[in-house]
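Contents: one structure, followed by commentary.
Please treat every number below as a calculation from the coordinates, not as lab data. Please read these numbers as outputs of a predicted model, since none were measured by experiment. Here the Cβ is made from the backbone with ideal geometry for all residues, glycine too, and neighbour counts use every protein chain on show.
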Amino acid sequence: MKAKTIVMLVCIYILSGCAGVTISGKTFDTTKVRSIQKGTTTKSDIRAMCGEPVSTRPTESGEVWSYYYQSVNVFINKNHSLDVDFDKAGVVIDYRYKRVKSLY
């Protein structure tokens with residue numbers, strides 16, 4: 001009986017670690033990053049794809065919206081970041097997406 005309980009607790013511990021937990025930032029749908037088009041996609045399009053940005057900052061040419069989040073589980077650490085540069089009319093002029101996945 002004790003052996004079954006120990007095995008069950010170990011399984012619960014391991015499986016609970018498989019569910020990622022966001023520890024910083026705000027999640028966004030990374031699969032939609034591919035649909036961003038320079039010169040076409042607008043601020044409202046980005047907001048619909050990714051939600052509200054984690055931060056914004058003005059630039060000489062317009063504005064930059066930043067999205068990022070970090071999620072972890074027992075074995076994997078994932079970092080995702082997206083910076084979107086807009087011109088003064090609110091159209092994307094550039095973007096940078098970065099995903100880093102590391103094992104513990």
* Taking +1 at the Cβ of each Lys and Arg and -1 at the Cβ of each Asp and Glu, which of W65, Y97, A48 sits farthest along the dipole of segment 46-104 towards its positive end, judged by Cα position relative to the Cα centre? -> Y97
* To do: Please give every one of the lysines within straight-line cross-link reach of K43, meaning a C-alpha to C-alpha distance under 24 Å, and leave out same-chain neighbours fewer than 8 residues apart.
  => K26, K32, K88, K98
